[in-house]
Amino acid sequence: MQTTTISFDHFNALKDAQAHERIRAARAKLGSRAVLLVHHYQRADVYQHHDLTGDSLRLSRLASETDAEYIVFCGVHFMAEVADILSKPQQIAILPDLAAGCSMADMANLAKVERCWRELNEVLGQADEQVTPVTYINSAADLKAFCGEHGGIVCTSSNAPKILDWSFARREKVLFFPDQHLGRWTGHKMGIPLEAMRVWDPDLPNGGLTPEEIRNARMLLWKGHCAVHQMFQPTHIANWRKQNPDGFVISHPESAYEVCEASDYVGSTEYIIKVIKDAPAGTKWLVGTELNLVNRLAEEVKPEGKQVQFMSPIVCMCSTMQRIDPQHLAWTLENLAEGNVVNRISVPEHEARLAKLSLERMLAVS
Ligand code: CIZ
Ligand code: SF4
């Protein structure tokens, strides 16, 4: 039964404790009709309400395996889009605050990628025969659709090496967007020389490259980055190692090349969590990824005498992830419990079909 949507104004001023109570009451009313997916980077006061946790891909996979009518995604916009694409037609993906975007994902858009493709066509002849477009999962659905249409594929920070193997087996070059750092690190680990990976600046004609530079490149790395992971510096690692010569450093591959190079381990959020949880008791860790995850992990492994420290001396969280707060969650769930669907994320059908193609190629490879 549909009633009038309850306005967020009634929730904005709620104290956290009241918001938590209303979240619990709405969830009791909804029962198994709603599943709450919570990303590793979410704040603790939202994380506590999770049904399922994980990285963006794991969560979307898990959601599509449930029969819940409503998939409430506590994460950012592109994640809810992936949930919508991979879920069953009758399931509805919801993002509790529509302002929860990803600044890295916003660094590439369809108009710019299409212009890049036209320019590559002019320099190389048939780009579709020579270049595999690879988009990081942190991107809008229309870019995943672009990859679907042009023989390309999606990757995550967990499967990027396998995806690049797949891509190079088909075409000699890769256009990697929007994160230059994940592209560079993965290419480097595959043995591609740094000089064969050129940064493509979408705001300059031909990406700021000469035709010869484009022809000689094996990878074209979109000039994009994550504002959180770019805070980490090699000096943070060097200083910590002086104090903790027996400690280990682990970083997310969205960090700069120099940071990954100075780390003992590099990998996705799922990988970071696994490595530290599996490590011997009493070990010390410096971790280069989002602060909410690092704080949570530090608490979880403390009983085993493991020390986990955040890499940057400055507090840096993913500000867009932070937009999902108990107030927005209470507002969303109460509306759902009353039969009002708010903040639905719905990818247009033709776009979803092509985006699914590039996601399914990825799932088949990884
Ligand atoms: O894919 C994800 O969830 C993100 C943003 C990072 C990671 O490494 O899990
Ligand atoms: Fe995007 Fe960076 Fe936030 Fe991840 S941490 S969602 S890449 S802005």
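Coordinate-derived values only; no laboratory data. This is a predicted model, so every value here is computed, not measured. Cβ atoms come from the backbone with ideal geometry, glycine included; neighbour counts cover every protein chain shown.
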_Reachable lysines from LYS302, criterion Cα separation under 17 angstrom, eight or more residues apart if same chain_ = LYS274, LYS277, LYS284
*asked:* Can you give the Rg/Rh ratio of region 10-50, where Rg is from the C-alpha atoms and Rh is the Kirkwood radius?
replied: 0.98
*When we measure straight from the Cα of LYS356, which lysines land under 26 angstrom away, once same-chain ones fewer than 8 places off are left out?*
LYS88, LYS112, LYS144, LYS162, LYS173, LYS223
*Sorted from largest down, what three extents in whole angstroms do the Cα atoms of region 235-278 have along their principal axes?*
28, 24, 11
*Assign one of three labels to region 72-122, namely rounded, prolate or oblate, based on the Cα gyration tensor with a ≥ b ≥ c the square roots of its eigenvalues; rounded applies when a/c is under 1.5, prolate when it is not and a/b is larger than b/c, and oblate otherwise.*
oblate
*Report ³J(HN,Hα) in whole Hz for each residue of region 32-47, in order, from the Karplus equation J = 6.51 cos²θ - 1.76 cosθ + 1.60 where θ = phi - 60°; Gly and Pro get x.*
7, 6, 10, 10, 9, 9, 10, 6, 3, 8, 6, 5, 4, 6, 9, 3
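Using only alpha carbons, build the gyration tensor for region 63-152 and give me the equivalent ellipsoid semi-axes, biggest first, whole Å. It would help to have the intermediate numbers written out before the result.
Working: eigenvalues 189, 45, 12 Å².
Those come to 31, 15, 8 Å.
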*So for the chain, taking the charge dipole from beta-carbon charges (+1 Lys/Arg, -1 Asp/Glu), which of ALA141, GLY282, HIS10 sits furthest toward the positive end?*
GLY282
*Farthest positive-ward along the chain dipole, Cα basis, beta-carbon charges - from LEU110, PHE248, LEU86*: PHE248
*How big is the equivalent ellipsoid of region 105-226 along its three axes, where each semi-axis is √(5λ) from the Cα gyration tensor, reported in whole Å from largest to smallest?*
18, 16, 14
*Relative contact order for the chain: what is it in percent, counting Cα pairs under 8 Å that are at least 6 residues apart?*
24
*Relative counts (whole %) of C-alpha pair distances in the chain, using bins that are 20 Å wide*: 29, 55, 16, 0
*Can you tell me the alpha carbon radius of gyration of region 43-93 divided by the globular rule-of-thumb value 2.2 N^0.38 Å?*
1.05
_Largest first and in whole Å, what are the equivalent-ellipsoid semi-axes of region 229-310 based on the Cα gyration tensor, each being the root of 5 times an eigenvalue?_
19, 14, 10
_Among the complete DSSP H segments of the chain, which ones combine at least 30 Å of alpha-carbon extent along their axis with a mean Kyte-Doolittle hydropathy of 0.5 or more?_
none
*How much space per residue, in cubic angstrom, does the convex hull of the C-alpha atoms of region 1-160 take up?*
142
